[in-house]
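A.B. asks: Just dropping this structure here.
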Amino acid sequence: MWAHVWSHTVRFAENGKATLDLKRFVQPRIEPEVVFKLKAPVPVTDDPLAVLACTEWIAPGFEIVQSHFPDWKFTAADCTAAFGLHGALVAGTPVMVTDANRAALAAALPTCAVTLSRGNTVIDRGVGANVLDSPALALVNLVRVLADQPQAPLLAAGEIVTTGTITDAWPVAPGETWTSDYGQLGIEDLTLSFS
């Protein structure tokens, strides 16, 4: 399943920190993800190096998802009819993808251990492989899905794509502060406070 991320729903953290007002969201949850900014169209390939060759930068991200269905109980068709679950995307400090770091990033994306914390309490842990074997391969999966949907736009240079949650999605509330740590992936932690 995929859905659009809109320019008005994307925010960039400053120095790895951001604040988000939850008033406009319905049953919001938080998902730690890896965000890609493309510099070229992504080919259909199983080679993460080829994906990263088309990537300008990667960054830590929190997608805030929401559901209009009570207690988050819905079918895939319900979710599609509601235009997905996307509420907001907060991207952290980007790491430029270069010839010097491309191979290391490709190797680290599936194995990076991500820790999601609320305050000082670890809430969940996951690895990059939880996202279709690697966030880079999740991006290729999106390219395949879009190619099979003639009305869907194809990905192009300049697009920002978030690739799916690495842990479960967790309910959030005003007054909480959440942090993600991406371990050996080499991208900065991201902290998001809710008002």
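A.B. asks: Tally the residues that are of a type in the set (D, E) and in a loop (DSSP other than H, G, I, E, B), restricting the search to segment 1-46. Lay out the reasoning, then the answer.
C.D. replies: If we filter segment 1-46 for residues that are of a type in the set (D, E), which is where we start, we get 14, 21, 31, 33, 46.
With the extra rule that they be in a loop (DSSP other than H, G, I, E, B), the set shrinks to 21, 46.
Number satisfying all stated conditions: 2.
A.B. asks: Restricting attention to segment 7-47, report how many residues are in contact (Cβ under 8 Å) with a residue 12 or more places away in the chain, under 23 Å from Q149 (Cα atoms) and out of contact with any Gly (no Cβ under 7 Å at 6 or more places or on another chain).
C.D. replies: The total comes to 10.
A.B. asks: Now for a different question. Any idea which residue in segment 91-122 is surrounded by the most Cβ atoms within 10 Å (Cβ to Cβ), counting only those that are in contact with an Asp or Glu (Cβ under 9 Å, 6 or more places away or on another chain) and among the β-branched types (V, I, T)?
C.D. replies: Among those that are in contact with an Asp or Glu (Cβ under 9 Å, 6 or more places away or on another chain) and among the β-branched types (V, I, T), it is V114.
A.B. asks: I've got another one for you. I need a count of the residues in segment 1-49 that are of a type in the set (G, A, S), open to solvent by 30 Å² or more (accessible area, probe 1.4 Å) and in contact with a Leu (Cβ under 9 Å, 6 or more places away or on another chain).
C.D. replies: Number satisfying all stated conditions: 1.
A.B. asks: Does L89 meet the test of being under 15 Å from the mean Cα position of the chain (by Cα) and on the phi > 0 side of the Ramachandran plot? Give the steps one after another, and end with the answer.
C.D. replies: Values: under 15 Å from the mean Cα position of the chain (by Cα): yes; on the phi > 0 side of the Ramachandran plot: no.
Spelling it out, it is not the case that L89 is under 15 Å from the mean Cα position of the chain (by Cα) and on the phi > 0 side of the Ramachandran plot.
A.B. asks: Tally the residues that are open to solvent by 50 Å² or more (accessible area, probe 1.4 Å), under 26 Å from L109 (Cβ atoms) and assigned to a helix (DSSP H, G or I), restricting the search to segment 50-75.
C.D. replies: If we filter segment 50-75 for residues that are open to solvent by 50 Å² or more (accessible area, probe 1.4 Å), which is where we start, we get 56, 68-71, 73-75.
From what's left, under 26 Å from L109 (Cβ atoms): 56.
Filter again for assigned to a helix (DSSP H, G or I), leaving none.
Result for segment 50-75: 0.
A.B. asks: Of the residues that make up segment 166-176, is at least one farther than 30 Å from D21 by Cβ and in contact (Cβ under 8 Å) with a residue 12 or more places away in the chain?
C.D. replies: Kept after step one, since they are farther than 30 Å from D21 by Cβ, are these residues of segment 166-176: none.
No - not one qualifying residue is present in segment 166-176.
A.B. asks: Another one. Among the candidates G158, G175, single out the residue that is surrounded by fewer than 16 Cβ atoms within 10 Å (Cβ to Cβ) and within 18 Å of the chain's Cα centre (by Cα).
C.D. replies: The unique qualifying residue is G158.
A.B. asks: Every residue in segment 76-90 that is hydrophobic (A, V, I, L, M, F, W, C), surrounded by 10 or more Cβ atoms within 10 Å (Cβ to Cβ) and modelled with pLDDT of 80 or more, please. So that I can check it myself, show each step before the final result.
C.D. replies: Our first condition is that a residue be hydrophobic (A, V, I, L, M, F, W, C); within segment 76-90, this holds for 76-77, 79, 81-83, 85, 88-90.
Now narrow it down to the ones that are surrounded by 10 or more Cβ atoms within 10 Å (Cβ to Cβ): 79, 81-82, 85, 88-90.
Listed by number, the residues that qualify are L85, A88, L89, V90.
A.B. asks: Something else now. For a quick check of your reading: which strands (runs of 3 or more DSSP E) sit entirely within segment 96-195 and have at least 1 residues that are under 21 Å from E56 (Cα atoms)? If you could, list the steps in order and put the result at the bottom.
C.D. replies: Numbers: elements: 113-118, 121-127, 160-162, 177-181, 190-194.
Fully inside segment 96-195 and qualifying: 160-162, 190-194.
The values are calculated or read from the model by the stated rules, or taken from the named source; none is laboratory data. What you are looking at is a predicted structure, and each value in this text was computed from that prediction instead of being measured. When we count neighbours, we look across all protein chains shown, and the Cβ atoms used for this are built from the backbone with ideal geometry, even at glycine. Only protein heavy atoms, including side chains, enter the accessible area calculation; ligands, DNA and RNA are left aside. Shrake-Rupley method; radii C 1.70, N 1.55, O 1.52, S 1.80 Å.
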